[in-house]
Ligand code: SF4
C-alpha cells in the first residue's frame, strides 16, 4: 500500500480500510498542527497508484464495506476526482457501501448541494471535519481559514445533501481564560447543525508547532489541564442536539463517550470525578509525557 508519513484516522474509523488518495494538507497553516510535518507537500495520488492499492486491498480483504480515504483533507479534491475514486473503488470492492475521509470546512465551499448529493449517492458519507471550535477569535489566531458562519453555511449544505458528518473539537484552542466561552460559542453553532459525532481532542503543543513560538513570544497562553476539562464539561452541558460525544485518542488522558442528550449527566459526572481525583500536576504529567499523538 502507498502510505506516506504518519497515517491519521479518527478512532471510530478503526474498522474501515485505509486507502491513500492524497498526501498532506492543502492548508497546512494551523498554528497548533504538526500532524503532517513529516509530509513535504500536498500531493494528489495518481489513479494508477490508487488502483494498485485497491487491488492489494481486494486480495487481502475482498468483503470491505467501508473505506476511509487517507490524507488531511481528500475532500478538497474536485467533485469529478472524488466521483472517479468512488467508482474505481466500487469496481474492486463490490460490497463497498460507504466512503469516508477528513475534510476542511472550506473543502465543502466549492461544492454545490447538488454535487454533494451526487457524492452521497456514490457512497461518500460520515466525513470527519476538524472544525476545532466556533470561537472566531481562536479560529483567526490559529489561522484555521474559516469563521463560525462558514461552519454553519457549509455544514448546512451537507445537511441539505443528506451527507452525514462528524466534528472534531479541539479542547484548549481558545487559550487560557477563554475555554469556557469558546465551548459556549461552539455549542451554539453545533446546535444549529447535525453532527453525528462530536469528537473532542485535547490540545497538546509540540515544540515544532508555530503555536509553541507564539507562547515563547508571549502572544498566547495554554489552558491548564483542569481548565481544559472544565471546557469539555461546558461543551457537553451546552450541546442540545442528539449526537454521540466521544473523547477518545491519545490526546485525552481518559476515554469518555456517550449519547447526548440522554447521557449528559453521566458524562459530566465522569469529568467531575476526574477533577476530584487528580490534581493539576498529575493531569499535567500525562500531557508532558505525551511525545506523539
Ligand atoms: S489542523 Fe487540519 S487543516 Fe489545519 S494544518 Fe493540520 S491538517 Fe491541515
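Would you tally the residues in region 155-189 being outside any loop (DSSP other than H, G, I, E, B) and farther than 20 Å from residue 101 by Cα?
The total comes to 12.
Return yes when residue 83 is within 23 Å of the chain's Cα centre (by Cα), away from the ligand (no atom under 16 Å from the Cβ), surrounded by 16 or more Cβ atoms within 10 Å (Cβ to Cβ) and assigned to a loop (DSSP other than H, G, I, E, B) and no when it is not.
The answer is no for residue 83.
Would a scan of region 282-293 turn up a residue that is closer than 13 Å to residue 232 by Cβ and surrounded by fewer than 14 Cβ atoms within 10 Å (Cβ to Cβ)?
No, region 282-293 contains no residue that is closer than 13 Å to residue 232 by Cβ and surrounded by fewer than 14 Cβ atoms within 10 Å (Cβ to Cβ).
Using beta carbons and a limit of 7 Å, which pairs, at least six apart or on different chains, have the first residue in region 130-141 and over 20 Å from residue 197 (Cβ atoms) and the second one within 14 Å of the ligand (Cβ to nearest atom)?
Pairs that qualify, where the first residue is over 20 Å from residue 197 (Cβ atoms) and the partner is within 14 Å of the ligand (Cβ to nearest atom), are 138/173; 139/133; 139/146.
Does residue 250 satisfy the criteria of being surrounded by 13 or more Cβ atoms within 10 Å (Cβ to Cβ) and assigned to a loop (DSSP other than H, G, I, E, B)?
Considered against the rule, which asks whether it is surrounded by 13 or more Cβ atoms within 10 Å (Cβ to Cβ) and assigned to a loop (DSSP other than H, G, I, E, B), residue 250 comes out as yes.
Condition first: touching a residue at least 60 places away in the same chain (Cβ under 8 Å) and either over 21 Å from the mean Cα position of the chain (by Cα) or closer than 22 Å to residue 129 by Cβ (or both). Can you find one or more residues in region 261-271 that meet it?
no
Quick one: would you say residue 54 is surrounded by 18 or more Cβ atoms within 10 Å (Cβ to Cβ) and part of a loop (DSSP other than H, G, I, E, B)?
no
Can you tell me which residue among 75, 68 is within 17 Å of the chain's Cα centre (by Cα) and in a helix (DSSP H, G or I)?
75
Any idea which of (1) within 15 Å of the ligand (Cβ to nearest atom); (2) more than 16 Å from the chain's Cα centre (by Cα) is the one residue 36 doesn't satisfy?
(2)
Cβ-Cβ under 8 Å, sequence separation 6+ or interchain: first residue in region 63-80 and at positive phi, partner within 12 Å of the ligand (Cβ to nearest atom) and assigned to a loop (DSSP other than H, G, I, E, B). Which pairs?
71/24; 71/25
Just to be sure before I move on: is residue 151 assigned to a helix (DSSP H, G or I) and under 30 Å from residue 212 (Cβ atoms) in the structure I sent?
Against the criterion (assigned to a helix (DSSP H, G or I) and under 30 Å from residue 212 (Cβ atoms)), residue 151 qualifies.
Which of the residues spanning region 134-144 are on the phi < 0 side of the Ramachandran plot and either within 16 Å of the ligand (Cβ to nearest atom) or touching a helix residue (DSSP H, G or I) at 6+ places or on another chain (Cβ under 6 Å) (or both)?
Scanning region 134-144 gives 134, 135, 136, 138, 139, 140, 141, 142, 144.
Exactly one condition in (1) surrounded by fewer than 18 Cβ atoms within 10 Å (Cβ to Cβ); (2) at pLDDT 95 or above; (3) more than 13 Å from the ligand (Cβ to nearest atom); (4) not in a helix (DSSP H, G or I) is not met by residue 19; state its number.
Looking at each condition in turn, residue 19 falls short on (1).
Report whether or not residue 44 is within 16 Å of the ligand (Cβ to nearest atom) and modelled with pLDDT under 95.
no
Can you tell me which residue among 102, 124 is within 16 Å of the ligand (Cβ to nearest atom), in contact with a strand residue (DSSP E or B) (Cβ under 8 Å, 6 or more places away or on another chain), within 30 Å of residue 62 (Cβ to Cβ) and modelled with pLDDT of 95 or more?
Among 102, 124, only 102 is within 16 Å of the ligand (Cβ to nearest atom), in contact with a strand residue (DSSP E or B) (Cβ under 8 Å, 6 or more places away or on another chain), within 30 Å of residue 62 (Cβ to Cβ) and modelled with pLDDT of 95 or more.
If you go through region 204-219, how many residues are over 19 Å from residue 37 (Cα atoms) and either in contact with a strand residue (DSSP E or B) (Cβ under 7 Å, 6 or more places away or on another chain) or surrounded by 14 or more Cβ atoms within 10 Å (Cβ to Cβ) (or both)?
1
The values are calculated or read from the model by the stated rules, or taken from the named source; none is laboratory data. Only a predicted model underlies this, so the values are computations on that prediction, with no experimental measurement involved. Please note: Cβ atoms are built from the backbone with ideal geometry, for glycine as well, and neighbour counts cover all protein chains shown.
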